[in-house]
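Everything below concerns the one structure shown next.
The values are calculated or read from the model by the stated rules, or taken from the named source; none is laboratory data. Treat the numbers as computed from the prediction; the structure is a model and nothing was measured. Heads up, the Cβs are rebuilt from the backbone with ideal geometry, glycines too, and the neighbour counts pull from every protein chain shown. Protein only, heavy atoms only, side chains kept; ligands, DNA and RNA dropped before computing areas. Shrake-Rupley method; radii C 1.70, N 1.55, O 1.52, S 1.80 Å.
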Amino acid sequence: MRARYGVPLGITAVAAAGLLYSAGFEARSFRLRRVTVPVLPEGMRPLRVLHVSDIHMVSGQRKKQRWLRSLAGLRPDFVINTGDNLSDPEGVPEVLDALGPLMDFPGAYVFGSNDYYGPKLRNPARYLIEKAQGRHGLNGNAPAVGVVHNPWEDLRDGFDAAGWLNLTNTRGTLKVDGVSVELTGVDDPHIKRDRYAQVAGGPSGTADFAMGVVHAPYLRSLDAFTADGYPLILAGHTHGGQLCLPFYGAFVTNCDLDTDRVKGLSTHTVEDRTAFLHVSAGCGTNRYTPVRFACPPEATLLTLVGRE
């Protein structure tokens, strides 16, 4: 009997322990990463940018709300929110409350698919299947049917009332202590709402610095921003892979970005132009898969300094 059932019972125990850790501890083990990016024009003072993404707020997530509020103590020059704030139609008031102290600072945002639509229960193995078949989101899959529509308009109105720039397929400029930062954004490529043609042409040249913002780092968006001469692009969406293997990394990115760049700072090159790319692993999860493994939830404080 031991030989017959010992291994399955052992595997079950290990799996249960891993699930308890990934859901009970790591998914709520919020971290702040600090990254320095040599991207500013020579002689320009450093800029501190707080990048938050993929909050996926579910009503009642008090620890996450307290942690987000605490980030205001970093005193960033400005905040960039790269979307997927919601995982619950009732979560808008709690998102706005959690981000309230950060909205005292200049900021800008784009939305992700989960701001517009509620999540659906799905088999996590489908992400591996879709990766193998080259299908991601609505980019190769059939349109979503019977989805919950989130009250994204209320979220938009709250951000706008605080003075944050809505970068939905448009441009905007932040003034930060005498420094002008031009921001260009597109709506979420994961559900084919991106309209880069509306913002094409590159930085205007009237600001001290320019950067691109997008929720899902699909290659078509990264290619467009880089080819147009933006030196820095911020994105989210990937959750850093969410369930990773130690010493190996992520299995999927949920888009056509390679897993080597699933989170953190990297570069993206198109012909003779190169941009820095920062992908946030985000600080939340889909409400139906509230687990993380070897990929803790995060926000990032980027310090932009002069080019080397």
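Of everything in the stretch 240-273, what is in a loop (DSSP other than H, G, I, E, B) and among the acidic types (Asp, Glu)? Give them in sequence order.
Asp256, Asp258, Glu271, Asp272
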| said: Of the conditions (1) surrounded by fewer than 20 Cβ atoms within 10 Å (Cβ to Cβ); (2) assigned to a loop (DSSP other than H, G, I, E, B); (3) modelled with pLDDT of 95 or more, Tyr288 satisfies every one except a single condition; which number is it? | reply: (3)
| message | Of the conditions (1) in a loop (DSSP other than H, G, I, E, B); (2) out of contact with any helix residue (DSSP H, G or I) (no Cβ under 7 Å at 6 or more places or on another chain); (3) not basic (Lys, Arg), Gly83 satisfies every one except a single condition; which number is it? | response | (2)
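Kindly evaluate His237 against the criterion of being in a helix (DSSP H, G or I) and touching a Cys at 6+ places or on another chain (Cβ under 9 Å).
no
Could we say that Glu42 is touching a residue at least 12 places away in the same chain (Cβ under 8 Å), open to solvent by 10 Å² or more (accessible area, probe 1.4 Å) and in a loop (DSSP other than H, G, I, E, B) here? Working first, answer last.
Numbers: touching a residue at least 12 places away in the same chain (Cβ under 8 Å): yes; open to solvent by 10 Å² or more (accessible area, probe 1.4 Å): yes; in a loop (DSSP other than H, G, I, E, B): yes.
Yes; evaluated as a whole, the condition is true for this residue.
Can Pro93 be described as open to solvent by 20 Å² or more (accessible area, probe 1.4 Å), in contact with a helix residue (DSSP H, G or I) (Cβ under 7 Å, 6 or more places away or on another chain), of a type outside the set (A, V, I, L, M) and more than 22 Å from Lys263 (Cβ to Cβ)?
Working: open to solvent by 20 Å² or more (accessible area, probe 1.4 Å): yes; in contact with a helix residue (DSSP H, G or I) (Cβ under 7 Å, 6 or more places away or on another chain): no; of a type outside the set (A, V, I, L, M): yes; more than 22 Å from Lys263 (Cβ to Cβ): yes.
When the stated conditions are applied, Pro93 does not pass them.
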| remark: Checked the stretch 129-142 for anything open to solvent by 90 Å² or more (accessible area, probe 1.4 Å) and closer than 16 Å to His237 by Cα; matches are Lys131
| task | Any residue in the stretch 217-229 that's among the aliphatic types (A, V, I, L, M): show its pairings with residues that are in a helix (DSSP H, G or I) at Cβ separation under 8 Å, as long as the two are six or more apart or on different chains. | result | Ala224/Tyr196
| request: Please work out which one of (1) under 16 Å from Asn286 (Cα atoms); (2) crowded, with 19+ Cβ neighbours inside 10 Å is the condition Tyr117 fails and give its number. | output: (2)
| note | How many residues of the stretch 54-76 are closer than 12 Å to Val95 by Cα and assigned to a loop (DSSP other than H, G, I, E, B)? The answer is 7
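Looking at Phe293, Phe251, can you tell me which residue is under 25 Å from Arg126 (Cβ atoms), surrounded by fewer than 17 Cβ atoms within 10 Å (Cβ to Cβ), in contact with a helix residue (DSSP H, G or I) (Cβ under 9 Å, 6 or more places away or on another chain) and touching a residue at least 40 places away in the same chain (Cβ under 8 Å)?
From the options Phe293, Phe251, the qualifying one is Phe251.
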| request: For the stretch 155-212, enumerate the residues that are open to solvent by 10 Å² or more (accessible area, probe 1.4 Å), of a type in the set (Val, Ile, Thr) and either in a strand (DSSP E or B) or on the phi > 0 side of the Ramachandran plot (or both). | output: Thr170, Thr173, Val179
| query | If you go through the stretch 144-153 one residue at a time, do you hit one that is more than 20 Å from Cys255 (Cα to Cα), open to solvent by less than 50 Å² (accessible area, probe 1.4 Å) and in contact with a helix residue (DSSP H, G or I) (Cβ under 7 Å, 6 or more places away or on another chain)? | reply | yes
